[in-house]
Amino acid sequence: MHLLSISSVFFAATYWGVPDAGTMYSTSKWAYILTYTPLAFFKAGNEAVVFFFILSGFVLSGTLFNRVNYLLFKQYLVKRFFRLWVPFIIVIVLSIILRKLFYTPGISSHPEISFWFKKMWEHPVSVINFIKFLFLQGGTHNVDTTLWSLIIEIKISILLPLFILLMDRLNNGYKNAVFLIVVILVSHFSFSLLSDNPRLSMMQKFYIMCLLLFWVLT
């Protein structure tokens, strides 16, 4: 998906709301086929991220349920810190160095390249930007377009054990009620977000809804 999104035609086909989207994707047969048929599965980047979050939550929950405690939570936070946050900062620093070495101004003059790709490395990283990255704040697209999902993963991996600690201290009646409320709220928010998002095609929404349904059922 990232590779194809470099092209203006494929990016316009993938995301509604971009300039001249309606005319640009119609000029490419393959862009239409890979967006509005089941073959969209092979460039389903958004859906892959959703599926990753589902798997990540499943694995984390499996390791914490029935044996979570405050001491284990502290050990868990230390491990997640070195496993996620430290590599995140290393990649940020590496990306800044690569931008310094290889970025060439003037790429915006090429109409065949999507504005999504042109926005990467467009602005130098200030000290304020870097401090925000340290605290998992601010968009990372200008530095590294894939890191946004890691920020969410870090935050969820901290909140999930706290939720499990809460659930562990409730009796079965309250536990089932809280879980049902969470499922309803998350499902409602997710489906509302999908239905109101003009950047996603119907095929993308279909795949994401299937993944969300899988999550609810499991």
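The values are calculated or read from the model by the stated rules, or taken from the named source; none is laboratory data. Predicted, not measured: the structure shown is a model, and the values here were computed from it. Please note: Cβ atoms are built from the backbone with ideal geometry, for glycine as well, and neighbour counts cover all protein chains shown. Note: accessible area is taken over every heavy atom of the protein model, side chains too, but ligands, DNA and RNA are not part of it. Shrake-Rupley method; radii C 1.70, N 1.55, O 1.52, S 1.80 Å.
One residue stands out among those in the range 65-90 that are surrounded by fewer than 16 Cβ atoms within 10 Å (Cβ to Cβ), basic (Lys, Arg) and within 28 Å of PHE130 (Cα to Cα): the one that is modelled with the highest pLDDT, which is ARG83.
Take LYS132 and decide whether it is within 23 Å of ILE152 (Cβ to Cβ), at pLDDT below 90, under 19 Å from the mean Cα position of the chain (by Cα) and of a type in the set (D, E, K, R). Here the answer is no, as LYS132 does not meet what is asked.
Return yes when ALA44 is surrounded by 13 or more Cβ atoms within 10 Å (Cβ to Cβ), at pLDDT 75 or above and either out of contact with any His (no Cβ under 6 Å at 6 or more places or on another chain) or closer than 24 Å to LEU150 by Cβ (or both) and no when it is not.
Working: surrounded by 13 or more Cβ atoms within 10 Å (Cβ to Cβ): yes; at pLDDT 75 or above: yes; either out of contact with any His (no Cβ under 6 Å at 6 or more places or on another chain) or closer than 24 Å to LEU150 by Cβ (or both): yes.
So ALA44 passes the test.
In the range 142-162 there is at least one residue matching the filter, namely being without any contact (Cβ under 8 Å) to a residue 24 or more places away in the chain and assigned to a loop (DSSP other than H, G, I, E, B). TYR76 falls short on exactly one of the conditions (1) in contact (Cβ under 8 Å) with a residue 60 or more places away in the chain; (2) out of contact with any helix residue (DSSP H, G or I) (no Cβ under 9 Å at 6 or more places or on another chain), and that condition is (2). If the condition is being assigned to a loop (DSSP other than H, G, I, E, B) and not β-branched (Val, Ile, Thr), then the range 129-141 contributes PHE135, LEU136, GLN137, GLY138, GLY139, HIS141.
Every test in (1) farther than 30 Å from ALA13 by Cα; (2) open to solvent by less than 70 Å² (accessible area, probe 1.4 Å); (3) in contact (Cβ under 8 Å) with a residue 24 or more places away in the chain; (4) assigned to a helix (DSSP H, G or I) is passed by VAL93 save one, and that test is (3).
Working only within the range 167-185, note down all residues that are assigned to a helix (DSSP H, G or I) and open to solvent by 90 Å² or more (accessible area, probe 1.4 Å). Residues satisfying the conditions are ASN172, TYR174, ASN176, PHE179, LEU180, ILE181, ILE184, LEU185. If you go through the range 96-123 and keep only what is more than 21 Å from SER8 (Cβ to Cβ) and open to solvent by less than 90 Å² (accessible area, probe 1.4 Å), you end up with ILE96, ILE97, LEU98, ARG99.
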